[in-house]
Amino acid sequence: MGLIDRIFGDSRSPAPLSRSAAESKTPPGSPKALHRELLRVALRDTLVRHGIPIQWITAETLPMPVNPTEMGLHLRLLIRHHDPRLLAHALALQTSLIKRVELLDPNSALWLMGISWQFALLTQPALLDMPDPAEWATPLAAESNRQSAPGAVRTGGQRPADDDAFQATERTPL
């Protein structure tokens, strides 16, 4: 009957713990609590430094095993506001955030296991259709032409063998 009572709201049984409630059970001075606070401060500082409203991106920390006896943290960045500029600069923003975390804790590589992104929009934007498949090939062709211009330097110093063989994706019936 305990499960039924919890589902239907028996006042004597405790409510299930949410993620934030579970995180608040971590002792305040523990390394995990300090790492969570460091990530929160680093994210806020990074967003403010780059002029991004702090409400646009929030974060969750998830426990992640470092080895069989230790737990580290994984940082999940939640995009709360749709703005195309966020996607265009997400990699630069993540790099800036990692640099800030490393500045605050040079040993962060030992406990920060990774960063992921999730769309958790508060309001849904108008849905956009996917572009024509040939549109994805256009930037690559333009970049290839720009890099093959006289005096252009390519990464690695050599031209990839399959550069000329690239063809745009063709539509196929499903």
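The values are calculated or read from the model by the stated rules, or taken from the named source; none is laboratory data. Here the structure is a predicted model, which means the values were calculated and not measured. Here the Cβ is made from the backbone with ideal geometry for all residues, glycine too, and neighbour counts use every protein chain on show. Note: accessible area is taken over every heavy atom of the protein model, side chains too, but ligands, DNA and RNA are not part of it. Shrake-Rupley method; radii C 1.70, N 1.55, O 1.52, S 1.80 Å.
Data table
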| quantity | calculated |
| --- | --- |
| Accessible area in square angstrom per residue, the stretch 72-128, 1.4 angstrom probe | 64 |
| Extension gain (nm, one decimal) between E102 and L128, 0.36 nm per residue minus Cα-Cα | 5.6 nm |
| Extension reserve of the V48-A137 stretch, reckoned as 0.36 nm per residue once the Cα distance is removed | 28.5 nm |
| Estimated FRET transfer efficiency (K32, R80; beta-carbon r; R0 30 Å; 0.05) | 0.75 |
| Sites H89 and T69 - FRET efficiency at Förster radius 41 Å, r taken between beta-carbons, to 0.05 | 0.60 |
| Net +/- balance of residues flanking Q118 in space, Cβ distance below 11 Å, scoring K and R +1, D and E -1 | +1 |
